[in-house]
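Worksheet: the structure to be examined is printed underneath.
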Ligand code: JHZ
């Protein structure tokens, strides 16, 4: 049974940036559910992929040093540990991973044309199509089978997970490996980062729910790595069940046990999470209003998809946070989706006229603190809402 546990109100598409603020930008109800049978956590309203992932998609994986390093390290591991003949990446974005491989060894799939064009320009084979069974069949006809499929922060964005894994199964060689990574539900609940929920994140996987889902397709997780990226992610290494060449590592049981101990298999855990979310909203508004009453200026730092959820849920506008700043060309001089807060182009002096910076990109806190050491030295303070609203 699918049971609702959180209501985040009406939310615009998290990556729909407008040049001019429109108070009537389309918003959709964002409610989060827990399925007591499959243990899957998902959002209620499904927006068609074509609406969210189009030729103007602004998110670029290569925009942070942290992500570039993460993909570089993974590429080295893939070569050393699995040495695949050919790799397929579902959701290759602007090439942050594929660019670490020889051009004849990797194929990208990226339905957002503006991003696919970047890797095409770099001469990487790229299909600018959505991942589905038709595409899997088309690739199979050409390449027979693929021995390593990788996907980061993409599969959870596709509504029909049955089609996703059926298609992967069709293309993956018998001894092939599937590696996927996504924000960890355990970390999200523990850190109270309710901002991991937005229209693009149709699901947030736990090892428990993924294991259950994969079984239907004769797939199983054989290793899990915990990552610090995106506020705490899990990298799952998956194989076909009948492939006994690879042993199932203790890391799988360890993660499952951690999740069970925390109660991710129980509805009541999600109910108590939702109470903390309501408190987080109150506390954040209290902190921001107090700062504003003292006539201090706050700049939002990092116009993430996540922060769109926070600003729209807490109803924070430019009276509390004057502007945001971001390095992504596609976001600059646009407005935060659903809010009248303009995004300014980042420059290293941008914090000069501000007293506080609200961390939209809290997941890059270390990278940002390093970059903004001058601001910190002169007494500038950061505000975050994770794991709870506070001034750092
Ligand atoms: P970041 C996106 O989420 C959307 P977002 C998507 N649905 C998803 O799943 C994840 O990515 C993977 C900026 N920035 O990575 C760059 C600075 O301006 O947390 C980005 O706009 N200065 C596909 O949007 C944003 O912050 C900096 O110094 O929540 C970070 O976005 C740094 C480090 C970042 O993903």
Got a number for residues in segment 138-151 being outside any helix (DSSP H, G or I), in contact with a helix residue (DSSP H, G or I) (Cβ under 8 Å, 6 or more places away or on another chain) and either within 16 Å of the ligand (Cβ to nearest atom) or without any contact (Cβ under 8 Å) to a residue 40 or more places away in the chain (or both)? 2
Among the residues of segment 348-374, which ones are part of a loop (DSSP other than H, G, I, E, B) and within 11 Å of the ligand (Cβ to nearest atom)? 348, 360, 361, 372
The conditions are (1) under 21 Å from the mean Cα position of the chain (by Cα); (2) under 20 Å from residue 307 (Cα atoms), and residue 49 fails exactly one of them. Which is it? (2)
Residues of segment 299-323 being out of contact with any helix residue (DSSP H, G or I) (no Cβ under 6 Å at 6 or more places or on another chain), farther than 19 Å from residue 25 by Cα and crowded, with 19+ Cβ neighbours inside 10 Å, which ones? 299, 300, 301, 302, 321
Selected residue (only one of 172, 185, 135 is touching a helix residue (DSSP H, G or I) at 6+ places or on another chain (Cβ under 8 Å) and touching a residue at least 60 places away in the same chain (Cβ under 8 Å)): 185
Would you mind finding the one in 53, 21, 34 that is touching a helix residue (DSSP H, G or I) at 6+ places or on another chain (Cβ under 8 Å) and more than 16 Å from the ligand (Cβ to nearest atom)? 34
Working only within segment 278-308, note down all residues that are farther than 14 Å from residue 358 by Cβ and within 16 Å of the ligand (Cβ to nearest atom). 305
Please enumerate the residues belonging to segment 212-227 that are under 20 Å from residue 67 (Cβ atoms) and touching a residue at least 60 places away in the same chain (Cβ under 8 Å). 227
Among the residues in segment 330-341, are any on the phi > 0 side of the Ramachandran plot, within 11 Å of the ligand (Cβ to nearest atom), surrounded by 14 or more Cβ atoms within 10 Å (Cβ to Cβ) and at pLDDT 95 or above? no
Counting only residues that are within 16 Å of the ligand (Cβ to nearest atom) and at pLDDT 95 or above, which one in segment 37-46 is nearest to residue 310 (Cα to Cα)? 43
Can you tell which of 358, 369 is surrounded by 15 or more Cβ atoms within 10 Å (Cβ to Cβ) and modelled with pLDDT of 95 or more? 358
With the condition being exposed (fewer than 13 other Cβ atoms within 10 Å of the Cβ) and touching a residue at least 12 places away in the same chain (Cβ under 8 Å), I'd like the strands (runs of 3 or more DSSP E) fully within segment 15-110 carrying at least 1 qualifying residues. 27-35
Subset of segment 136-156 (residues that are at positive phi and surrounded by fewer than 15 Cβ atoms within 10 Å (Cβ to Cβ)): 144
Of the residues in segment 111-126 that are assigned to a helix (DSSP H, G or I) and more than 22 Å from the chain's Cα centre (by Cα), the one that is surrounded by the fewest Cβ atoms within 10 Å (Cβ to Cβ) is 121
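The values are calculated or read from the model by the stated rules, or taken from the named source; none is laboratory data. No experiment lies behind these values; they were computed from the predicted model shown. Positions of Cβ are generated from backbone atoms using ideal geometry, with glycine treated the same way; all protein chains shown enter the neighbour counts.
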